[in-house]
Ligand code: PAF
């Protein structure tokens, strides 16, 4: 497992792989890796000959007052954890390598229709920051395929759209969410939960599962289902940013196709997001 910090070294290695006829997958992360990230790497290894994991805490996607300064940077521990799944390369650039002109002065990528709703409405500029850094990472690494977790469902759609709109020649693969036995989706932000909150947090997945089952058995009173779920969660101490049943393809109002129920909710200091796709 090579560790590189400069795009020149990264590019030359990836070029050699491509010239040797090998396909390359990218798994972008912000580090503080948990079992969910390791699963993305395992998935990537099944999809390509070589796997690059990027570890970069992107200042561009944190809004004023968010946890950029305190976001855990655990590179040594991350490298040790990665040994278990053994990617071919870890790309761990510093901020100047990614934004040599300064974060605020460089070109930004907007994804209209998707970047200002749901999480985007509560975290202004967040998806612009994600779209910008992911565009940069895709251009720096030039992978054949990039793997993202479905837990960040809106982020996955933002990335699929930007790749399509900007004609970036890469396939985007959405990997299933890894959950604890209780159903709680793994997330770096779960560390903000104490044990009591962690037990309670499982209620989020249970509530989304309840909606998915209800829709699958024929209910289509979506607003009522949403309102009931919000009430249940609030009664259990959650503060809900949003909980909504939407079209899975574009987060538009529910129509005939596959749906997704997605939510962001605060429990204590932790902002938890989760979703379930509803096949019909
Ligand atoms: O999901 C994340 O960890 C980040 O948003 C990503 C995709 C690595 C971009 O910084």
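For the reader, a short list of remarks on this structure follows.
- Angle between the chain longest axis and helix 222-235 axis [Cα atoms, degrees, rounded to 10]: 90 degrees
- Mean ellipticity per residue at 222 nm, deg cm²/dmol - from DSSP H runs of n ≥ 4 across the chain, formula -39500 (n - 2.57): -12000 deg cm²/dmol
- Ranked from largest, the principal axis spans of the Cα set of region 183-260 equal 41, 24, 21 Å.
- P(r), alpha carbons of region 148-280 - 10 Å bins starting at zero, rounded %: 12, 42, 33, 12, 1
- Beta bridges per DSSP, both residues in the chain: antiparallel share near 50 percent.
- Crossing angle, helix 153-165 versus the chain [Cα axis fit, 0-90 degrees, rounded to tens]: 50 degrees
- Distance between modelled label sites at residue 23 and residue 9, nm, 7 Å Cα→Cβ extension: 2.8 nm
- Compared with the dominant principal axis of the Cα atoms in the chain, helix 7-19 is inclined by about 90°.
- Length-normalised contact order for the chain - Cα pairs under 8 Å, 6+ apart - percent: 17 percent
- Taking the Kirkwood radius as Rh and the Cα radius of gyration as Rg, the chain has a ratio of Rg/Rh equal to 0.97.
Read-outs: derived from the displayed coordinates by stated rules, not from any lab. A quick note: this is a predicted structure, and the numbers were derived from the prediction, not measured. All Cβ positions, glycine included, derive from the backbone under ideal geometry; neighbour counts span all protein chains shown.
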